[in-house]
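A quick write-up on the structure given underneath.
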Amino acid sequence: MRPRIKRSSMSSDLVIAIGLVWGHLRARQFEEAWQLANGCLRVWPKEPNLMLMAAYAAAEMLEPFDFDALDEIRTPANAEWIRLVRRRAEDRTAQMRDER
């Protein structure tokens, strides 16, 4: 079972923002998720959940993202997510090369 977000330490606005970005990702609306996550990161810079979701959406869209910034927020709880994002970025890049 994955650890739950500790909502008690987050503002309700941040919880809603994370939920909205997650909803776009679940609906495979990567551009909308990416735009919303990047906008939210202007309000909450270095928020790990938003950074991870923005990076995943960027990987899906082949958009640039500072993947080294993810290493700065790496914890045992999100290490698998970071590996997934990096692997997805590599897979999408290879897929685009093969399509050419």
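The values are calculated or read from the model by the stated rules, or taken from the named source; none is laboratory data. Keep in mind that what you see is a predicted model, and the values were worked out from it rather than measured. Here Cβ is always computed from backbone atoms with ideal geometry, including for glycine, and neighbour counts include all displayed protein chains.
Residues that are in contact (Cβ under 8 Å) with a residue 12 or more places away in the chain, more than 18 Å from T93 (Cα to Cα) and part of a loop (DSSP other than H, G, I, E, B) within the range 59-74 comprise just one, I73. Remark: pairs (first residue in the range 9-38, among the polar types (S, T, N, Q); second residue surrounded by 15 or more Cβ atoms within 10 Å (Cβ to Cβ); Cβ separation under 8 Å; 6+ apart in sequence or on different chains) = N38/A54.
Per the listing R28, R42, R100, R92, the residue uniquely more than 12 Å from the chain's Cα centre (by Cα), among the basic types (K, R), loosely packed, with under 12 Cβ neighbours inside 10 Å and modelled with pLDDT under 95 is R100. Apart from one condition, Y56 fits all of (1) among the hydroxyl-bearing types (S, T, Y); (2) assigned to a loop (DSSP other than H, G, I, E, B); (3) surrounded by 15 or more Cβ atoms within 10 Å (Cβ to Cβ); the exception is (2). Looking only at the range 76-89, residues that are surrounded by fewer than 11 Cβ atoms within 10 Å (Cβ to Cβ) and not in a helix (DSSP H, G or I) come to 2 in all.
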